[in-house]
1. So, C:A251, is that one within 10 Å of another protein chain (Cβ to nearest Cβ), under 20 Å from A:K42 (Cβ atoms) and among the small types (G, A, S) or not?
2. In segment A:251-265, how many are open to solvent by 10 Å² or more (accessible area, probe 1.4 Å) and more than 10 Å from chain B (Cβ to nearest Cβ)?
3. Would you check which residues across segment C:130-157 are assigned to a helix (DSSP H, G or I) and in contact (Cβ under 8 Å) with a residue 40 or more places away in the chain and list them?
4. Kindly indicate which of A:A235, A:A230 is open to solvent by less than 30 Å² (accessible area, probe 1.4 Å), touching a strand residue (DSSP E or B) at 6+ places or on another chain (Cβ under 9 Å), of a type outside the set (S, T, Y) and more than 17 Å from A:G65 (Cα to Cα).
5. Take C:A308 and tell me if it is open to solvent by less than 20 Å² (accessible area, probe 1.4 Å), of a type outside the set (F, W, Y) and touching a residue at least 60 places away in the same chain (Cβ under 8 Å).
6. Please go through segment B:253-283 and give me each residue that is more than 10 Å from the chain's Cα centre (by Cα) and among the aliphatic types (A, V, I, L, M), ordered by number.
7. When you check B:T32 against the structure, is it polar (S, T, N, Q), at pLDDT 95 or above and under 24 Å from C:D34 (Cα atoms), yes or no?
8. Using beta carbons and a limit of 7 Å, which pairs, at least six apart or on different chains, have the first residue in segment B:276-301 and at the interface with chain A (Cβ under 7 Å from one of its Cβ atoms) and the second one among the polar types (S, T, N, Q) and not in a helix (DSSP H, G or I)?
Amino acid sequence: MVKRENKKKLNANFQKPLILLIVIIILTILQPSVFLTIDNFKGIMLSISIYGIMVCGTIFPILLGGIDLSVGATAAVSGACVVLTIIRFNYSTTGVILGILVGLAVGVGTGVIHGMIVANFKVPAFLITLATQNIIYGIAQLLTNNQVISCMKPKLFTFLGGGRLLGVPFSIYILIIIVITSYFVLNHTRLGRNIYAVGGNSEASDLSGINSKKIQLIAYAISGFTAALAGIVLASMNQQAIAKAAQGYENDVLTAIVVGGTSLMGGEGSLLGAVWGALLVGMIGNGLRLMGIPSTYHGVVKGIVIIIAVSADAYTRYKNSGLSKGKSTKRFARRANVENN
Amino acid sequence: MRQEKIRRLVSIALLLVLVIVFGTTSEYFFTTTNILTLLRECSVVGIISVGVSFIIITAGIDLSTGAIVGFTAMICANLLYYTNMPAQMIIVIALLIGTLAGYLNGILVTKLRLPDFIATLSTQFLFRGLALICAIRTSGVITNKVIDNRGILVMGGSISGLYLVTIVFIIVAVLGQIILKKTQLGVYTYATGANRKSAELSGIDTDKVKRSVFTITGFCCGIAAIFLMAKLGSVTPDTGTGLEFEVIAAVVVGGCAFSGGRGDIFGSVIGALFMAILSNGILKYNLPTATQLIVKGSVIVIMVVFDSLYNGYMEKKIREKSKELEELSGGEA
Amino acid sequence: MKTMGKTKKILGVALACTLLVSTALTGCSSVKTDDEVSKKTSSTSQEVKAEVKNPYKDEVKIAFVPNVIGDSVAAAWSTGMKDELAVYDNVTFQTFDGKASAETQTQIMADLVNQKYDAIVLQSADSAALATSVKQAEAAGIPVITLNLDADTPHAGLIAMVDYEAGKLVAKNMAEGMNKTGKVVIIQATAGATRGENLEAGFRDEMANYQDVEILDAQSGEWLTEKANVVMNDFLTKYKQIDGVFCHNDAMAEGASQAAEAAGRLDGMQIWGADGEAKALEYIEQGKMAGTIYTNCFDQGATAARLAMYLIGSETVTSSYTSTPIVKMAPIVVTPETVGSIGENIRW
């Protein structure tokens, strides 16, 4: 019994990296001289950097069984706040620092509001964040007056998204720092443990003294924070703020998180899984581009690859979940059915 | 069951509040043309939400509905442009494609054990991609064609103003409610959603239930594709984009919960109406686009929060009353 | 299982009914398509309007339905229109977001017809999908003026930025700038976007005249700066030599430029966009882009507004047109040499 349990765990732990390795091998064979290079790896990381930052924060409310669809909108508003502040303060360093603080504050603020509504009113987070997505994009339109607000200086600001440190785009450094922080919080702090507890069974955790309302508040605030940060990096990368920035990014975020094994019901999933999910999707896009396959076909390939990659992962987890009809369960159910008929 | 009835009344009341507000503040809201247009607009989303209600009641989700509609419509557009097939045949083909696509979702979820979200997200990419690949092209460039086949266009038509799609929506909704409430499939659907493991242990083949609900949704998508195609008079690779979120929003507003086991078709109909009335009403005032968005989002938040608050209040009242009754009868025993 | 039988029965019955009903409907005369309804209402009107409004005195409502809000081109049109109409107190100018969806636009159009707007300026998401809506509006007596993208039905007018010709101009100038030899990549619009397809067709057709220029690859940047940045990075990884980059819009050209600069390969690269937004002009001045095709979008918007006012006051009923008259906006090829000629007040 114990040996089998251990073997199951071993398989589960190595499933994801193994799948990734297989994808890497396939793509290396298809594009030998280019895929497995540092330059290309930087390219893949760059392509996932913006929504990757969002993933690290939005995974918190999802682990609680909630969701945050407003991340794109929050990113747009924060980007607008930064740019407007910088212009207000005449492109000075103060402007940049103040702008970033304002942008992040706006993100945290929206997150807190989401958390309060979801925690206190028992309303589906899906609906609320879908609705606030409208509101926040509306605010972004008001702030930018539907114009494109260009911001090509100072260097301090444009470096965040566009600069390179030791040849690596700076946005990748930001992504890595956020990933490490998020991983640490989720796996090595009390907050992280509480999040898994509340997500798994909110009544039980209430009884054991965890304030689930506070946890929800914090989770949504974190999601808002990372969305704002991503928006700031995006505005820096594009050197502009527009009302429709980051539109559709919530889809990429959710794809990465769920492909990585996090359940939308809460309580199950990991940050590393989400990172794996983001890398997988990033590699698909990168691989297709390197192979020169016309963009028309990217959607179909993406869908098929995700199905294949996740099937292998999901099948093992299902086998371990207790839902699968083991021989004894099937016999029992059949017997019960016969008796009823 | 009193709870459910009260929930229902509250939803309808909120709907009426919205209607009255719009009706009294805008001169164009209560016109016959507008009401009929409004009903037409909520019908496509409404038809699909009948199927998606089943899925959400089983604690599932379907993100591919828009893509299935788009793919089905694109195949039909190709048939209309390249062949001389009669419209009736194309309509039947559309229903078949939709149903098969839904069945594919069911297979992915039950045989490959993919979580609903992933399976339907992947099929969304798949079908959306296929719709793009199948778009009608002239010398390599996508040139969407206008449909002139009356047999198809008549589906987008109206009988003295009342649109066919609305009539079909009502029929589909009634059929859906009957299946949900009066057939074994409906019972099994609720059971699967409430607690899948127990349903499994009591002998229900939850896999078959899941496949059925996805297939039903696919069928609804096929119907929706025909009407959408007829209304637009053309199909583009983007047809149906975003539909899945509208549908899910309508279903959830109408009372189905993601945790499963709750809600029904009638609720989803109210949800679809609510969203359509909101979208329609907002266009009537001279609001800048930003304000339109803010108002739309705020109304949804207010309505949903109020709905939840009022339901909580009523539930408390019922609990208190039943406690009273217990104490009274407890005394006798 | 029993449940499956019952459900299959219901579905089967539904399918059979559909066949019967759809055949019956086609023959039944009481069912009218939208077309037939609007033909009925407009067959009573002649080629000349019964009563004509004075657009400079009477209450007039003009609607603007762009493809998507937040686009620099749409913003410029909007400013141009607003400035033109601002002086008339009797004119209400209202914008509606098309959200990049033909379905949303048709919904909005239907509502505008119901609300009896006097003129509509529309940037179609797709020319075929909006045909029915435009037809309905025209039949209701509302002149529809389209911007950039046509609608596959005759209407009051189309005011367009050149796309095919713009692509040709870019190809010509880029090839000359590369001394007629070298390798080129294309960063495309979202797959299926008509404007992008026409730009690329013009580009490729003209490039065919330069045998020593090779078009290596084309990938979609989805009209977005950050996506073009990523695509350009992949191109730079894959191809050791890139001499020219054509992007279907300026936003993507800026992204490509950022990628090239960060990789240290910007020098000597001919990066071209199309549209002519102010940021692109700045990039050209700073040597980060080689050129773009500029259109005065303020003027384009203003032209649409003037045409709308003209048509509202005109006796001619535009639904009687059998083809759509077109106004083409003359493009300016912007290069580091010519960028100075574009004054501050016409930069958008």
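The values are calculated or read from the model by the stated rules, or taken from the named source; none is laboratory data. These numbers were taken from a predicted model, which means no experiment stands behind them. For neighbour counting, all protein chains shown are included, and Cβ atoms are generated from backbone atoms with ideal geometry for every residue, glycine included. These accessible areas exclude ligands, DNA and RNA; they are computed on the full protein's heavy atoms, side chains included. Shrake-Rupley method; radii C 1.70, N 1.55, O 1.52, S 1.80 Å.
1. The answer is no for C:A251.
2. 1
3. Going residue by residue through segment C:130-157, those that are assigned to a helix (DSSP H, G or I) are C:131-139.
If the condition is that a residue be assigned to a helix (DSSP H, G or I) and in contact (Cβ under 8 Å) with a residue 40 or more places away in the chain, then C:T132, C:K135, C:Q136, C:E138, C:A139 are the ones that fit.
4. A:A235
5. Details: open to solvent by less than 20 Å² (accessible area, probe 1.4 Å): yes; of a type outside the set (F, W, Y): yes; touching a residue at least 60 places away in the same chain (Cβ under 8 Å): yes.
Against the criterion (open to solvent by less than 20 Å² (accessible area, probe 1.4 Å), of a type outside the set (F, W, Y) and touching a residue at least 60 places away in the same chain (Cβ under 8 Å)), C:A308 qualifies.
6. Within segment B:253-283, B:V253, B:A257, B:I270, B:L273, B:M275, B:A276, B:I277, B:L278, B:I282, B:L283 meet the criteria.
7. The answer is no for B:T32.
8. What qualifies is B:T289/C:T95.
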